[in-house]
Structure formats: C-alpha cells, structure tokens
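Asks: Below are the structure tokens for one structure; questions will follow.
The values are calculated or read from the model by the stated rules, or taken from the named source; none is laboratory data. Just so it is clear, the model here is predicted, and its values are computed rather than measured. Cβ placement follows ideal geometry from the backbone for every residue including glycine, while neighbour counts extend to all protein chains displayed.
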C-alpha cells in the first residue's frame, strides 16, 4: 500500500516525460505560498519541430529543454515545472525578489534563443518566450499566461503582467463581441445588406453583392470588421455564415437579379456546404443567378481544394468570382487552371488609380489578362465619377462602390427585373 501511495504521489507531482514538477504540483505550491513570483515559458514554433522531425523528436526536444532549465537555474532557489505541451513554469517562493527574478528569466530566454540543440542528428535553433506574474495577482497562472501571449504578440520575448496591458482590453472586447455574435444567432440579428454592381457598358445595375451585417435590438449596426474575425476564433462563424447565405438567397429569390455571396475558406472546408447549396437550389431554384466570391488569398492558398469546390458549384449551375485580385501576389498561372467567371480587382488599386501610375498599369494588365481568358472584370471601391471614367477607359466590365450605390437592406434598393445571366 505504501508503495502504491508513493507511485500515485510521484504521478501527481512529477511530469512523466521530463521528470520536472507537474502542473498539479504548481497549483498546490501557489495555494500554499504567501508570496511568490511566477514565470510561464513557451517554446516558439514548437509545432514546427513536431511536424518536421516527428513526435519522438519533439519529446527529445522537450527533455533537452528541461535539462537546460535545470542547469541554468541550478544555483537559484526556484522550482521548475512542465505544465503541458511545450509550456514550462519557474516558481520563486520569495515574492519580494521581483527584479532579480525578472533578470534571471530574461537571461535564460536570451541564452535559450542563442543556443543550438541537436535532436535526432538534426541541429535546431529555437527561441522561447516568457510571461511573468506574482502573488499580487488574484489568478497568477492566468496573469502569467496573458503576459506570455503579450510577449509573443509584441515579439519582446519577455513581458511582466500589468493591469493595463493592451491585450487585456482586446480580450474584453473579444468577449463583448462574442456575446453580440451569440445574440445575433439566437435572436436573429443577422441582416444582409446589398451593394449594387453596374454594367459599365450599359450603365444598368445588373447584380448585387450580399454583405453581412448585425443589427441589434437597439438598432446598432455592426460591420464585418467588428465581428467576423472574432466569430471564426470563437467557433461561431459557421452559424453566422449559414444564416447569411439562407437569408440572402431568400431575399433575392423573388427577383431575377444575379447575387454575389462571399465564401471564406471555412465555408469551403465545411463538409456539408454542397448539401446546403443543393437544398437552396431545390427550395428557390436560384443557382444560375448566384455568384460565389472567394478571395485571392484564400483561393490560392490551397488551389487543388478550391478547384474541386469550384468545379462542384459550377455543376450546380452557379458562377464563381475571385475577390480582391491584385491585393498581394497575383498568381496568374494558378488562375488559368481555375474555371472562374469574374475577377474582382482589389479596391486598393482602384482607389489609387488616378494618382498611382503603377496601380493603373496593374489594373490594365489584369483587365487584358482576364479578357484573353474570357473572364469578366469588376472594379471595387469606385467612389466617384473620375475613377468610374478611368476604369471604363481601361475596359473594366463592371463597377462597384459608393459612386454606384452604398450597401443597404433590400427594401432600400429600387429593384428591377433584369437579365438573369448578366
């Protein structure tokens, strides 16, 4: 029995891989210390070690890091822990020695970052980041972890927790935004707005782009920049997007207008996206009027997957546009192999086209390239008549922007029955 108890204590107090103290032991030590300093350390890009050399090599790297920690702090009264994954902790029960503790942590981070380690015959140069907190904080592990994230965000390697860290305001805003998103889903606050797209040749509005908005009970309107990224990080994007697609299609089902709908890579990777689109087709019979927009960055990050998706939606009768084309490295070669119908020229080029000769040359090149492939072009951010005349002179097919019309709910637009396939 005594041996069993000893084994259980060993498992509870020590990490099996590195033989350092465990996370459970750290929690115990914090609860029983009157005053202390705490540092949480995390190996930068450790996932790359696992992906490059394999899990066994990753374990060797962690054991090597544990050895370095023991050696470096051998003459200090610090306890060393492995928390989980590639996270370690240093605990100093002398809470009054803050500056000395910070100096030692900084020194280790610098030493670690300049040291090469050999794992499985491969030489790896790694760095480490650290966040520091103390017993003054009500949740020291959370505080040290927050400081660690701030150090990584600002590339400072070491940060000490303070109540006014900018990242705390970001966390609070993220929580507030997440609550708005959840209410938008449960209380039906998701409101599609539509921006007109004009045929430059005829001067007629022939299609609209659906743009997601959230309108709360007080009438406050939230733009995508305020909630879209948070919805993806908080796991709420799928529900937002599904509601947006359904509502947009339902709004336009009674018209004969073409409708553009934005799809993120999260939509494309969703296993049931094609079933959802097929259901909408059976319900509304609108697929031949839908245009799915994929941003250049997402479209070219995994071209094989995007190509497969494009081929599938085109078999359903829909059309496809590449959005924000020209915003970064425009991969013309990849574009040749994608069966797309429209290229939307990035707004950063269009809004500067009157003052930046390079922007004009790039737009002219895109238009010529698209024309040769039988692809129609759409200029975004057309904000005034001068820009409109310029893009028309360059041969752009369609214009979108405040000069044509601002995004608004469908009821605010004067909708005419136009050509179904314009």
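Asks: Please go through region 308-323 and give me each residue that is buried (at least 16 other Cβ atoms within 10 Å of the Cβ), in contact with a helix residue (DSSP H, G or I) (Cβ under 9 Å, 6 or more places away or on another chain) and either modelled with pLDDT under 90 or not in a strand (DSSP E or B) (or both), ordered by number.
Replies: Answer for region 308-323, where residues must be buried (at least 16 other Cβ atoms within 10 Å of the Cβ), in contact with a helix residue (DSSP H, G or I) (Cβ under 9 Å, 6 or more places away or on another chain) and either modelled with pLDDT under 90 or not in a strand (DSSP E or B) (or both): 309, 310, 313, 318.
Asks: Which number in (1) under 16 Å from the mean Cα position of the chain (by Cα); (2) assigned to a helix (DSSP H, G or I) marks the one condition that residue 304 misses?
Replies: That leaves (1) as the condition not met.
Asks: Criterion first (part of a loop (DSSP other than H, G, I, E, B), more than 27 Å from the chain's Cα centre (by Cα), in the same structural domain as residue 129 (by TED's automatic domain parsing) and surrounded by fewer than 19 Cβ atoms within 10 Å (Cβ to Cβ)) does residue 57 satisfy it?
Replies: no
Asks: Residue 353 fails exactly one of the following numbered conditions: (1) surrounded by fewer than 18 Cβ atoms within 10 Å (Cβ to Cβ); (2) more than 21 Å from residue 407 (Cα to Cα). What is the number of that condition?
Replies: (1)
Asks: What's the total number of residues in region 213-233 that are more than 22 Å from residue 405 (Cα to Cα) and surrounded by 16 or more Cβ atoms within 10 Å (Cβ to Cβ)?
Replies: Residues in region 213-233 being more than 22 Å from residue 405 (Cα to Cα) and surrounded by 16 or more Cβ atoms within 10 Å (Cβ to Cβ): 5 in total.
Asks: Right, here's the next one. When you scan region 100-217 for strands (runs of 3 or more DSSP E) that lie fully inside it, which ones turn up with 2 or more residues that are over 20 Å from residue 233 (Cα atoms) and at pLDDT 90 or above?
Replies: 128-134, 158-160, 190-199, 205-215
Asks: Same structure again: Residues in region 15-23: is at least one surrounded by fewer than 17 Cβ atoms within 10 Å (Cβ to Cβ), more than 33 Å from the chain's Cα centre (by Cα), at pLDDT below 90 and outside any helix (DSSP H, G or I)?
Replies: Yes, region 15-23 contains at least one residue that is surrounded by fewer than 17 Cβ atoms within 10 Å (Cβ to Cβ), more than 33 Å from the chain's Cα centre (by Cα), at pLDDT below 90 and outside any helix (DSSP H, G or I).
Asks: While we're here: Of all residues being in contact with a helix residue (DSSP H, G or I) (Cβ under 9 Å, 6 or more places away or on another chain) and closer than 24 Å to residue 210 by Cα in region 382-391, which is surrounded by the most Cβ atoms within 10 Å (Cβ to Cβ)? Just the residue, please.
Replies: In this case the residue turns out to be 382.
Asks: Now a separate question. Taking the conditions exactly as written (farther than 30 Å from residue 170 by Cβ, touching a residue at least 60 places away in the same chain (Cβ under 8 Å) and either surrounded by fewer than 20 Cβ atoms within 10 Å (Cβ to Cβ) or not assigned by TED's automatic domain parsing to the domain that holds residue 26 (or both)), does residue 44 satisfy them or not?
Replies: No, not satisfied.
Asks: If you don't mind, there's one more thing I want to ask. Within region 220-236, track down each residue that is in a helix (DSSP H, G or I) and more than 11 Å from the chain's Cα centre (by Cα).
Replies: 224, 225, 226, 227
Asks: May I pose another question? Every residue in region 237-258 that is surrounded by 20 or more Cβ atoms within 10 Å (Cβ to Cβ) and not in a helix (DSSP H, G or I), please.
Replies: 257, 258
Asks: Here's a follow-up. Looking at (1) over 10 Å from residue 345 (Cβ atoms); (2) surrounded by 17 or more Cβ atoms within 10 Å (Cβ to Cβ), which is the only condition residue 379 fails?
Replies: (1)
Asks: On the basis of being at pLDDT 95 or above, part of a loop (DSSP other than H, G, I, E, B), buried (at least 19 other Cβ atoms within 10 Å of the Cβ) and touching a helix residue (DSSP H, G or I) at 6+ places or on another chain (Cβ under 9 Å), does residue 340 make the cut?
Replies: The answer is no for residue 340.
Asks: Give the residue, chosen from 69, 41, that is in a helix (DSSP H, G or I), touching a helix residue (DSSP H, G or I) at 6+ places or on another chain (Cβ under 9 Å) and at pLDDT 90 or above.
Replies: 69
Asks: Consider region 148-170. How many of its residues are free of Cβ contacts under 8 Å to residues at least 60 places away in the same chain and more than 18 Å from the chain's Cα centre (by Cα)?
Replies: Adding up the residues that qualify gives 15.
Residue-wise test of (1) in contact with a helix residue (DSSP H, G or I) (Cβ under 6 Å, 6 or more places away or on another chain); (2) within 30 Å of residue 90 (Cβ to Cβ); (3) assigned by TED's automatic domain parsing to the domain that holds residue 405; (4) surrounded by fewer than 19 Cβ atoms within 10 Å (Cβ to Cβ).
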site	(1), (2), (3), (4)
152	no, yes, no, yes
175	no, yes, yes, yes
202	no, no, yes, yes
211	no, no, yes, no
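Asks: Can you tell me which condition residue 72 does not meet? The list is (1) touching a strand residue (DSSP E or B) at 6+ places or on another chain (Cβ under 9 Å); (2) surrounded by 17 or more Cβ atoms within 10 Å (Cβ to Cβ), and all the others hold.
Replies: Result: residue 72 passes all but (1).
Asks: Given the conditions (1) more than 30 Å from residue 382 (Cα to Cα); (2) in contact (Cβ under 8 Å) with a residue 40 or more places away in the chain, and given that residue 173 satisfies all but one, which numbered condition is not satisfied?
Replies: (2)
Asks: State all residues of region 392-410 that are under 23 Å from residue 214 (Cβ atoms) and not in a loop (DSSP other than H, G, I, E, B); if no residue qualifies, say none.
Replies: 400, 408, 410
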